[in-house]
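Got a structure for you, questions after.
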Amino acid sequence: MSGPSSLPSPFRLSARALSLNPSATVAVTSRALELRRAGVDVLSMSVGEPDFDTPPHIKAAALQAIEAGKTKYTPVNGLPELREAISAKFERENGLSYAPDAVTVTSGGKQALFNAFFALLNPGDEVLIPAPYWVSYPEMVALTGAVPVAVPTAPETGFLLDPQELEARVTPRTRMIVLNSPGNPTGAVFPPEVLAAVAEVAQRHNLVIVTDEMYEHLVYDAEQVSIGRYAPEHTLTVNGASKAYAMTGWRIGYAGGPRDVIAAMNALQSQSTSNASSISQYAALAALTKHEETARFTAQARCAYRERRDRIVAGLNALGLPTPMPQGAFYVLADTTRIHPNELEAARRLLDEARIAVVPGTDFAAPGRVRLSYATSLESIEEVLRRLGAVVGA
């Protein structure tokens, strides 16, 4: 047996892997985990998932599928009956006409977005993304070799997108607009008139719209409309089971759009992950077809989130941490410059002094702010506000 080689390691990271930006929040997250392992009572306001359990009728469908031996491969693009149910859902709830063969099922909404970007973007293309944005949009776009272009929004308007600001950033290289309404991390819900104006921008400049509507059932004081109703020939609609039905770990996303785009996304998926979990697909089928049970759950969850939202926004503003009222999702973006001008340092101080875990706005393009999730109990929210009061001296 030969001894250790004097050659350098053959494992050299690709330029694509090296291009990924490390998260600025990793240090804060790691510190929170260390404290928890040491038995410290850390209140987490950072988790972006419902705190409710998956509804019983959905879990029952999964158990029935297991007992029936429905544990084999499915078509890459998803069970035919699930794609039919998604097609019917798009028509029933969104006013969108996507035939079952214009629908694809993925392992979570993130994969649907990833597949869409790789199917549609080339190096050098520019993609307009309203900011603050979900952290993965610009990173996934950059992996394709395309260029993410942030379109700023203001807290004074509740982070609503200004279509004129959007159009001002269109260049000959612009290829796509990415929308997320209701939004993460802002909770903004873009009203119909804004969406109609954005659709006109896309039509004037022949742009693709990729719309992420994962939080569509978590809307409180606004009207949720799918932009595909205004520009169907320009729009790819992404959604999933995670947020609406408390199915984050089941990993079911889906998309509807032009058949050739869906076919390209299916081809990508066939060479990467293949089909989403068969058991999760049968669970999602129950969520989409057992309408009464699912509607009861979403209504109860929405009512609980609204109460939590009202309490945390009022409490944060009373403490001198300016926080716009979100219209959807389950996040708030609080101005923490009173705690520290830098959002990373503010998050560290909240963790070290108040034992509260939040997400700095750094990776969301939200300087001076932190994101708090109110997908937690009212009791936890009250305790968070009490601890925050001790930090700010209120």
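As an exercise: evaluate A246 against (1) within 23 Å of N122 (Cβ to Cβ); (2) in contact with a Phe, Trp or Tyr (Cβ under 9 Å, 6 or more places away or on another chain) and give the number of the one condition it does not meet.
(1)
Another one. Would you pick out the residues in segment 192-214 that are under 19 Å from the mean Cα position of the chain (by Cα) and closer than 16 Å to F159 by Cα?
Scanning segment 192-214 gives a single hit, L195.
Could you please find all residues in segment 144-168 being polar (S, T, N, Q) and out of contact with any helix residue (DSSP H, G or I) (no Cβ under 6 Å at 6 or more places or on another chain)?
We begin by selecting, within segment 144-168, every residue polar (S, T, N, Q); these are 144, 153, 157, 164.
Hits for segment 144-168 are T153, T157, Q164.
Let me ask something else about it. Within segment 315-326, is there a residue that is touching a Ser or Thr at 6+ places or on another chain (Cβ under 7 Å), among the polar types (S, T, N, Q) and open to solvent by 10 Å² or more (accessible area, probe 1.4 Å)?
Yes, there is a match, as at least one residue in segment 315-326 is touching a Ser or Thr at 6+ places or on another chain (Cβ under 7 Å), among the polar types (S, T, N, Q) and open to solvent by 10 Å² or more (accessible area, probe 1.4 Å).
Consider only pairs whose beta carbons are under 8 Å apart and that are at least six residues apart or on different chains; among these, list those whose first residue lies in segment 160-183 and is part of a strand (DSSP E or B) and open to solvent by 50 Å² or more (accessible area, probe 1.4 Å) and whose second residue is among the β-branched types (V, I, T) and at pLDDT 95 or above.
Within 8 Å, the pairs are R175/V127; R175/V208.
I would also like to ask the following. Just checking, which of E91, E81 is of a type in the set (D, E) and free of Cβ contacts under 8 Å to residues at least 12 places away in the same chain? Let's see the steps before the verdict.
Values: E81 fails: free of Cβ contacts under 8 Å to residues at least 12 places away in the same chain.
Residue meeting the stated conditions: E91.
Would you please name the residue that is nearest to the chain's Cα centre (by Cα), looking only at residues in segment 307-345 that are of a type in the set (D, E, K, R) and closer than 19 Å to S44 by Cα?
Kept after step one, since they are of a type in the set (D, E, K, R), are these residues of segment 307-345: 307-311, 335, 338, 343, 345.
Then keep just the ones that are closer than 19 Å to S44 by Cα; that gives 307-311, 335, 343, 345.
Numbers: E307: 22, R308: 20, R309: 18, D310: 22, R311: 23, D335: 21, E343: 21, E345: 25 Å.
Per the criteria, the residue is R309.
Kindly check whether there is at least one residue in segment 16-25 that is in contact with a Ser or Thr (Cβ under 8 Å, 6 or more places away or on another chain), outside any strand (DSSP E or B) and open to solvent by less than 40 Å² (accessible area, probe 1.4 Å).
Within segment 16-25 (the criterion being in contact with a Ser or Thr (Cβ under 8 Å, 6 or more places away or on another chain), outside any strand (DSSP E or B) and open to solvent by less than 40 Å² (accessible area, probe 1.4 Å)), the answer is yes, since at least one residue qualifies.
Somewhere in segment 279-302, is a residue under 21 Å from the mean Cα position of the chain (by Cα) and among the aromatic types (F, W, Y)?
yes
To continue, here is another question. Kindly list the number of the only condition in (1) without any contact (Cβ under 8 Å) to a residue 40 or more places away in the chain; (2) open to solvent by less than 70 Å² (accessible area, probe 1.4 Å); (3) assigned to a loop (DSSP other than H, G, I, E, B); (4) under 30 Å from V332 (Cβ atoms) that fails for S30.
Failing condition for S30: (3).
Do we have any residue at all in segment 272-279 that's under 30 Å from R308 (Cβ atoms), outside any loop (DSSP other than H, G, I, E, B) and open to solvent by 10 Å² or more (accessible area, probe 1.4 Å)? Spell out how you get there, then give the answer.
If we filter segment 272-279 for residues that are under 30 Å from R308 (Cβ atoms), which is where we start, we get none.
No - not one qualifying residue is present in segment 272-279.
Here is a further query. Answer yes or no as to whether A150 is under 15 Å from I177 (Cα atoms), open to solvent by less than 20 Å² (accessible area, probe 1.4 Å) and touching a residue at least 60 places away in the same chain (Cβ under 8 Å). I'd like the intermediate steps shown before the answer.
Working: under 15 Å from I177 (Cα atoms): yes; open to solvent by less than 20 Å² (accessible area, probe 1.4 Å): no; touching a residue at least 60 places away in the same chain (Cβ under 8 Å): yes.
Against the criterion (under 15 Å from I177 (Cα atoms), open to solvent by less than 20 Å² (accessible area, probe 1.4 Å) and touching a residue at least 60 places away in the same chain (Cβ under 8 Å)), A150 does not qualify.
Take the residues in segment 357-375 that are among the hydrophobic types (A, V, I, L, M, F, W, C) and in contact with a helix residue (DSSP H, G or I) (Cβ under 6 Å, 6 or more places away or on another chain); name whichever of them is farthest from T29 (Cα to Cα). It would help to see each step written out before you state the result.
Residues of segment 357-375 among the hydrophobic types (A, V, I, L, M, F, W, C): 357-359, 364-366, 370, 372, 375.
Narrowing the set further to residues that are in contact with a helix residue (DSSP H, G or I) (Cβ under 6 Å, 6 or more places away or on another chain) leaves 357-358, 370.
Numbers: A357: 8, V358: 9, V370: 13 Å.
Filtering segment 357-375 for residues that are among the hydrophobic types (A, V, I, L, M, F, W, C) and in contact with a helix residue (DSSP H, G or I) (Cβ under 6 Å, 6 or more places away or on another chain), the one farthest from T29 (Cα to Cα) comes out as V370.
Can you pull out the residues in segment 33-42 that are at pLDDT 85 or above, open to solvent by 40 Å² or more (accessible area, probe 1.4 Å) and of a type in the set (A, V, I, L, M, F, W, C)?
Within segment 33-42, A38, V40 qualify.
Residues checked against (1) at pLDDT 95 or above; (2) under 22 Å from E156 (Cα atoms); (3) of a type outside the set (F, W, Y):
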site	(1), (2), (3)
D335	yes, yes, yes
H340	yes, yes, yes
D352	no, no, yes
V359	no, yes, yes
A365	yes, yes, yes
V370	yes, yes, yes
E379	yes, no, yes
R387	yes, no, yes
V391	yes, no, yes
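Being closer than 25 Å to P326 by Cβ, touching a helix residue (DSSP H, G or I) at 6+ places or on another chain (Cβ under 9 Å) and not aliphatic (A, V, I, L, M) is the filter here; which residues of segment 169-181 pass it? Spell out the reasoning first.
Looking only at segment 169-181, we keep the residues that are closer than 25 Å to P326 by Cβ, and these are 169, 177-181.
Checking the rest, the ones that are also touching a helix residue (DSSP H, G or I) at 6+ places or on another chain (Cβ under 9 Å) come to 177-181.
N180, S181 - these are the residues of segment 169-181 that are closer than 25 Å to P326 by Cβ, touching a helix residue (DSSP H, G or I) at 6+ places or on another chain (Cβ under 9 Å) and not aliphatic (A, V, I, L, M).
Can you confirm whether segment 294-302 contains a residue that is within 28 Å of T153 (Cα to Cα), assigned to a helix (DSSP H, G or I) and of a type in the set (K, R)?
Within segment 294-302 (the criterion being within 28 Å of T153 (Cα to Cα), assigned to a helix (DSSP H, G or I) and of a type in the set (K, R)), the answer is yes, since at least one residue qualifies.
The values are calculated or read from the model by the stated rules, or taken from the named source; none is laboratory data. The structure presented is a predicted model; accordingly, all values stated were derived computationally and were not measured. For neighbour counting, all protein chains shown are included, and Cβ atoms are generated from backbone atoms with ideal geometry for every residue, glycine included. In case anyone asks, the SASA skips ligands and DNA or RNA and just uses the protein heavy atoms, side chains included. Shrake-Rupley method; radii C 1.70, N 1.55, O 1.52, S 1.80 Å.
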